[in-house]
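Inspection log for the structure reproduced underneath, given as structure tokens.
The values are calculated or read from the model by the stated rules, or taken from the named source; none is laboratory data. Fair warning: this is a prediction, and the values are worked out from it, not measured in the lab. Don't worry about glycine lacking a Cβ; one is built from the backbone with ideal geometry, like all the others, and counts go over all protein chains shown. Calculation scope for accessible area: heavy atoms of the full protein, side chains included, ligands and nucleic acids excluded. Shrake-Rupley method; radii C 1.70, N 1.55, O 1.52, S 1.80 Å.
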Amino acid sequence: MSTLEQTVNDIKKMKVRGALDIAIASVAALKQVAQEDSKSSAELAKKIRDAGRKLKNSRPTAVSLPNAVDYIVYVSEKNRQKPPAEYREKVTEAAEKFINDQEKALEKIGTIGAKIIAKDETILTHCNSDTVVQILKKAYDQGKNLKVVCTESRPRYQGLLTAKELSEYGIPTTIIVDSAVHLAMKKLRIDKVIVGADTICANGDLVNKIGTSQIALCAHEQDIEFIVATESIKFSPQSLLGSAIEIEERSGSEVIKPGRLRKVKVFNPAFDVTEAEYINMIVTEYGIMPPQAAYNLLKEKFGWELK
Ligand code: RI2
């Protein structure tokens, strides 16, 4: 199996997951495609376009994936007239810079995000976000003496990954079932909620792991700050509203054993939409901003205009 096929497969099966990691894995796969034997750069550029389409189709919701792929396709098209050796060098350089920039962004968000955690706070998080984990570890390193509550994040239990990583790091960690969030906010004295993102729309709506919007509503009702941690690669110039985003629906076998309840249908959406009005702030590598500033970030950093 080629690196490309392996990557597409791993993303589909969620062996590689997390909005940032699927973007980085896709760019690494495209870098490999650019190294393939070929008569001309134009032929390589076509291979990159085809590979990009396959990667984009592997999971539909997180915008970091098409944003990353489109960037490499753009660099590839720009250099398709150059001799193959030079073309390969340009694509490789862009891919390596992209990956490096994302790693730096993650590090920066950790530093910025840790500042908003006060001493002795209890933070609730959902699913498994490398970006959130980075913030929590940084805050712990700074001696903030924090505690973390993780939802298990049915049906795939990514919350257990978060709980494992944080507890092994030394952070006191508690796991709860997803439906305990409302009660746990009071009983476990949650100070803040911090979640990751799969997509931030131009209007500031958040698309994230299924269950996120219920948590935001609970936080709103109990006056608990709801914070999103995300690299700018997850901002979507293509989507104005969260309601317009395609939400990935996954196999019912993730929820119950196939054949167990033969007459019952399973609806298994992987993500949901949290409206901007329930989000207090978004932490990015450029700093902390209200969700309403998403459009400004797209405009200033990526030159995007409403048409
Ligand atoms: P990082 C995950 O989706 C979760 O929804 C998480 O909040 C988001 O990606 C961002 O993850 P999935 O791939 O990029 O588990 O912060 O479906 O790691």
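Measure off, as a whole percent, the carbon and sulfur share of the 1.4 Å-probe accessible area of the chain, all protein chains present.
The value for the chain is 51 percent carbon and sulfur by accessible area.
Give the share of C-alpha pairs in each 10 angstrom bin for the chain, from 0 to the last occupied bin, in whole percents, shortest bins first.
6, 26, 33, 22, 10, 2, 0
Rg and Dmax in Å for the range 3-108, alpha carbons only: what are they?
13.1, 42
Can you give the accessible area per residue of the range 3-108, in Å², using a 1.4 Å probe?
On the way: 5120 Å² over 106 residues.
Ligands and nucleic acids excluded, the result is 48 Å² per residue.
Please report the accessible area of residue 130 (heavy atoms, 1.4 Å probe, ligands and nucleic acids excluded) in Å², nearest 10.
The value for residue 130 is about 60 Å².
Among 38, 26, 167, which one shows the biggest mean-square fluctuation in a GNM of the chain, springs joining Cα atoms closer than 10 Å?
38
Gain in length, residue 267 to residue 289, computed as 0.36 nm per residue apart minus the alpha-carbon separation, to one decimal in nm? Can you show the working numbers first?
Numbers: separation 22, 0.36 × 22 = 7.92 nm, distance 3.44 nm.
Length difference between fully extended and current span is 4.5 nm.
Would you please put 3-13, 294-304 in order of how densely packed they are, using the mean number of other Cβ atoms within 10 angstrom per residue and starting with the highest? Working shown, then result.
Details: 3-13: 17.1, 294-304: 15.5.
Descending mean neighbour count gives 3-13, 294-304.
What full-extension length gain, to one decimal in nm, is calculated for residue 118 and residue 301 as 0.36 nm per residue of separation minus the Cα-Cα distance?
Full extension from residue 118 to residue 301 adds 62.9 nm.
Under a cut-off of 12 Å between alpha-carbon atoms, report the aspartates and glutamates in cross-link reach of residue 108, not counting same-chain residues fewer than 8 places apart.
Answer for residue 108, where 12 Å is the Cα cut-off: 231, 285, listed by chain and number.
Given a 1.4 Å probe, how much area per residue of the range 115-301 is accessible, in Å²?
47
If you count, for each residue, the other Cβ atoms within 10 Å and average over each peptide, how do 172-178, 204-210 line up from highest to lowest?
The peptides rank, most packed first, as 204-210, 172-178.
How do 152, 43 rank by accessible surface area computed with a 1.4 Å probe, from largest to smallest?
Order by accessible area, largest first: 43, 152.
Classify the range 168-278: rounded, prolate or oblate, from the alpha-carbon gyration tensor (a ≥ b ≥ c, eigenvalue square roots; a/c under 1.5 rounded; otherwise prolate if a/b is larger than b/c)?
The shape class here is oblate.
Using a Gaussian network model of the chain with C-alpha springs under 10 Å, which one of 195, 255, 273 is most mobile by mean-square fluctuation?
255
Take 120, 37 and sort them by solvent-accessible surface of the protein heavy atoms, 1.4 Å probe, largest at the top.
The residues order as 37, 120, largest area first.
Modelling each spin label as a point 7 Å along the Cα-to-Cβ direction, I'd like the residue 189/residue 164 distance in nm, to one decimal.
Taking the two extended label points, one gets 3.1 nm.
Rounded to the nearest 10 Å², what accessible area does residue 221 have for a 1.4 Å probe in the complete protein model?
Around 120 Å² of this residue is reachable by solvent.
By per-residue mean of other Cβ atoms within 10 Å, what is the highest-first order of 65-73, 260-268?
65-73, 260-268
Nearest-5 percent of antiparallel DSSP beta bridges in the chain?
If I count the DSSP bridges inside the chain, around 35 percent turn out antiparallel.
Given the options 100, 87, 135, identify the residue whose Cα lies farthest towards the positive end of the charge dipole of the range 84-159 (+1 on Cβ of Lys, Arg; -1 on Cβ of Asp, Glu).
135
Given R₀ = 22 Å, FRET efficiency for residue 244-residue 12 by Cβ-Cβ distance, to 0.05? Intermediate results must be reported in sequence, preceding the final value.
On the way: r = 23 Å, r/R0 = 1.06.
E between residue 244 and residue 12, to the nearest 0.05, is 0.40.
Using a Förster distance of 25 angstrom, determine the FRET efficiency expected from the C-beta separation of residue 70 and residue 251, and round it to 0.05. Before the final figure, lay out the partial values.
Details: r = 28 Å, r/R0 = 1.12.
The formula returns an efficiency of 0.35 here.
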